[in-house]
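The values are calculated or read from the model by the stated rules, or taken from the named source; none is laboratory data. Just so it is clear, the model here is predicted, and its values are computed rather than measured. Glycine gets a Cβ as well: all are built from the backbone with ideal geometry, and neighbour counts include every protein chain shown. Quick note on the areas: whole protein, heavy atoms, side chains included, nothing else; ligands and nucleic acids left out. Shrake-Rupley method; radii C 1.70, N 1.55, O 1.52, S 1.80 Å.
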Amino acid sequence: QNIAWNLQAGTGPLPIEVIGVKSGTTAEPSTTSDWAYADNRPLIACGAYDFRGGVYSVWRNLRATTTDANGFIVGMESLFFNIKIENSSGNAGRRGLFPDDGASIVACEVISTNGDAIDFNGGACSIKSTYVHDSNVGISPNNDSGIFIIDSIIDTCTTGIELGTGDRGTITGNTIYNCTTGISGSASYANAVTNNIIDNCTTGASWTTEQLNNFFDYNVWDNTTDVSN
């Protein structure tokens, strides 16, 4: 079951926009000075259900809570800006944000206590300036290709970034802190991992099998074990 907004599908030039504004705002359309921040953002309390939106949609200035397996799931080519999503379920494998192909996540905060905070359901997605924390897995490209993870903070997760068998990811400018494993590569290849701080993790980066063309440079390492396998 889910909480589904019956939104008309947008297009690339004309996406459907859902924008949270300050309490008491009456301006139509709202201006950027009306946008809501912090606890003033409207709350979508999903309870035991997930939340679903359409393709080519833009989501700004909202909060969402859920305990459902899929959390906040929205179609391809969507943008998330200034969104806080928390999946507080005690069950394993629960997602916070589950975006499809081509999603962009900017200036958000995502938590999934016993699952993946951000679990991509498609490739060519990007995360920028986002805070992911206190989750089982911080960011999981879910074996997809061409993921960008840029200038974000991943804090206090069992696994900070879990690449699986995905390839051609760009991971740059992030701080990965206080995780059991900072970056788990499994069989992932052709990734560029540069200019990150990987600190206070049990293992900074770990691959299960040797792979081609994973490029690491200009990272700062300070972990119990910096690299493994």
State all residues of the range 101-119 that are among the polar types (S, T, N, Q) and surrounded by fewer than 24 Cβ atoms within 10 Å (Cβ to Cβ); if no residue qualifies, say none. Ser104, Thr113, Asn114
Return the pairs, sorted by first residue and then second, in which the second residue is in a loop (DSSP other than H, G, I, E, B) and not polar (S, T, N, Q), the first residue lies in the range 208-221 and is closer than 14 Å to Asn191 by Cα and open to solvent by 70 Å² or more (accessible area, probe 1.4 Å), the beta carbons are less than 8 Å apart, and the residues are 6+ apart or on different chains. Leu212/Ala190; Asn213/Ala190
Hand me the list of strands (runs of 3 or more DSSP E) wholly inside the range 16-79 holding 1 or more residues that are touching a residue at least 24 places away in the same chain (Cβ under 8 Å) and surrounded by 20 or more Cβ atoms within 10 Å (Cβ to Cβ). 50-53, 57-66, 72-74
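For the range 101-138, enumerate the residues that are of a type in the set (Gly, Ala, Ser) and within 16 Å of Thr170 (Cβ to Cβ). It would help to see each step written out before you state the result.
Of all residues in the range 101-138, those of a type in the set (Gly, Ala, Ser) come to 102-104, 107, 112, 115, 117, 122-124, 126, 129, 135, 138.
Matches in the range 101-138: Gly102, Ala103, Ser104, Gly123, Ala124, Ser126, Ser129.
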Which of the strands (runs of 3 or more DSSP E) found entirely inside the range 178-229 contain at least 2 residues meeting this: of a type in the set (S, T, N, Q)? 181-186, 203-207, 225-228
Would you mind finding the one in Asp50, Asp116 that is of a type in the set (Asp, Glu), in contact with a Ser or Thr (Cβ under 9 Å, 6 or more places away or on another chain) and modelled with pLDDT of 95 or more? Asp116
Taking the range 61-103 and keeping residues touching a Cys at 6+ places or on another chain (Cβ under 8 Å) and among the acidic types (Asp, Glu) leaves Asp68, Asp101
I need the full set of residues from the range 141-163 which are surrounded by fewer than 23 Cβ atoms within 10 Å (Cβ to Cβ) and either among the hydrophobic types (A, V, I, L, M, F, W, C) or at pLDDT below 95 (or both), in order please. Asn142, Asn143, Asp144, Ser145, Gly146, Phe148, Ile150, Ile153
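What number of residues within the range 120-140 are surrounded by fewer than 24 Cβ atoms within 10 Å (Cβ to Cβ) and under 18 Å from Thr159 (Cα atoms)? Give the steps one after another, and end with the answer.
Residues of the range 120-140 surrounded by fewer than 24 Cβ atoms within 10 Å (Cβ to Cβ): 121-124, 126, 128-129, 131, 133-134, 136.
After this cut, where a residue has to be under 18 Å from Thr159 (Cα atoms) as well, the list is 131, 133-134, 136.
Selection size over the range 120-140: 4.
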Would you say Asn174 is in contact (Cβ under 8 Å) with a residue 12 or more places away in the chain, open to solvent by less than 20 Å² (accessible area, probe 1.4 Å), in contact with a Lys or Arg (Cβ under 9 Å, 6 or more places away or on another chain) and more than 20 Å from Asp100 (Cα to Cα)? no
Looking at the range 65-83 only, could you name the residues that are out of contact with any Ser or Thr (no Cβ under 9 Å at 6 or more places or on another chain) and at pLDDT 95 or above? Asn82, Ile83
